[in-house]
1. For segment 145-159, which residues satisfy the criterion of being β-branched (V, I, T) and in a helix (DSSP H, G or I)?
2. Out of the residues in segment 77-116 that are part of a loop (DSSP other than H, G, I, E, B) and among the polar types (S, T, N, Q), which is surrounded by the most Cβ atoms within 10 Å (Cβ to Cβ)?
3. Test each condition in (1) surrounded by fewer than 19 Cβ atoms within 10 Å (Cβ to Cβ); (2) modelled with pLDDT of 95 or more; (3) in a helix (DSSP H, G or I); (4) not small (G, A, S) for E32 and report the one that comes out false.
4. Please go through segment 52-75 and pick out each residue that is in contact (Cβ under 8 Å) with a residue 40 or more places away in the chain, surrounded by fewer than 18 Cβ atoms within 10 Å (Cβ to Cβ) and under 14 Å from L131 (Cα atoms).
5. Considering segment 117-131 alone, what residues qualify as being aliphatic (A, V, I, L, M) and either at pLDDT 95 or above or assigned to a strand (DSSP E or B) (or both)?
6. Can you spot a residue in segment 39-55 that is at pLDDT 95 or above, in contact with a helix residue (DSSP H, G or I) (Cβ under 6 Å, 6 or more places away or on another chain) and part of a strand (DSSP E or B)?
Amino acid sequence: MAAVGDKIPDVTLRQMTGDGPAAVSSLELLGEGKVVLFAVPGAFTPTCSDYHLPGYVMHAAQFREKGVDTVACIAVNDAYVMHAWGEGQNVGDDVLMLADGSGEFATAMGLERDLSAGGLGLRSQRYAAILQDGVITYLGVEPAPGLTVSAADAVLAQL
């Protein structure tokens with residue numbers, strides 16, 4: 001599993017653009033400046049939609065005040081789903097919505113989770129990370145269902 005002091009993996013993610021989904025390098029997109037990255041098991045799921053993502057949108061100004069250059073959400077979903085979820089949650093430019101469609105980033109981070117028993121397949125664990133120039137300076141992986149160490153207010157307290 002990834003740990004504080006590790007550099008994030010360089011894998012291809014997808015991000016929605018005006019021309020459709022575009023391939024982006026995780027390291028190019030998240031590897032410069034101060035970045036808050038949080039991962040959810042799936043877009044449109046109850047905890048993710050009701051609490052996790054909205055917390056980051058609600059506190060976007062506070063993250064900027066603390067010197068965060070980018071707040072990004074990643075999930076093992078496709079770019080179309082992530083884009084629709086972001087629109088439905090009114091993220092605007094506050095949160096970058098990233099698709100890890102095949103779970104490559106989750107696996108490379110050692111934070112994949114097999115939810116096949118519930119019909120969800122391979123997903124990401126719920127976590128949040130603070131990155132400085134691509135190096136993990138904080139990693140909060142949820143120990144159980146719910147939001148504690150990866151919630152927006154918990155991450156703000158680490159900045």
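1. Within segment 145-159, the first condition is being β-branched (V, I, T), and the residues that meet it are 148-149, 155.
Correct list: V155 only.
2. Within segment 77-116, the first condition is being part of a loop (DSSP other than H, G, I, E, B), and the residues that meet it are 77-78, 89-95, 100-103, 110-111, 115.
Filter again for among the polar types (S, T, N, Q), leaving 77, 89-90, 102.
Details: N77: 25, Q89: 20, N90: 10, S102: 15.
Going through the qualifying residues, I end up with N77.
3. For E32, the exception is condition (3).
4. Going through segment 52-75, the residues in contact (Cβ under 8 Å) with a residue 40 or more places away in the chain turn out to be 52-53, 55-56, 58-59, 62-63, 66-68, 70, 72, 74-75.
Right, trim to surrounded by fewer than 18 Cβ atoms within 10 Å (Cβ to Cβ) and you get 58, 62, 66-67, 70.
Listed by number, the residues that qualify are K66, G67, T70.
5. Residues of segment 117-131 that are aliphatic (A, V, I, L, M), as a first pass: 117, 120, 122, 128-131.
Once the filter is applied, which keeps residues that are aliphatic (A, V, I, L, M) and either at pLDDT 95 or above or assigned to a strand (DSSP E or B) (or both), segment 117-131 yields L122, A128, A129, I130, L131.
6. To start, the set of residues in segment 39-55 that are at pLDDT 95 or above comprises 39-40, 52-55.
Among the residues that remain, those that are also in contact with a helix residue (DSSP H, G or I) (Cβ under 6 Å, 6 or more places away or on another chain) are: 40, 55.
This time we only want the ones that are part of a strand (DSSP E or B), so: 40.
For segment 39-55, residues at pLDDT 95 or above, in contact with a helix residue (DSSP H, G or I) (Cβ under 6 Å, 6 or more places away or on another chain) and part of a strand (DSSP E or B): present.
The values are calculated or read from the model by the stated rules, or taken from the named source; none is laboratory data. The structure displayed is predicted, hence computed values, not measured ones. Here Cβ is always computed from backbone atoms with ideal geometry, including for glycine, and neighbour counts include all displayed protein chains.
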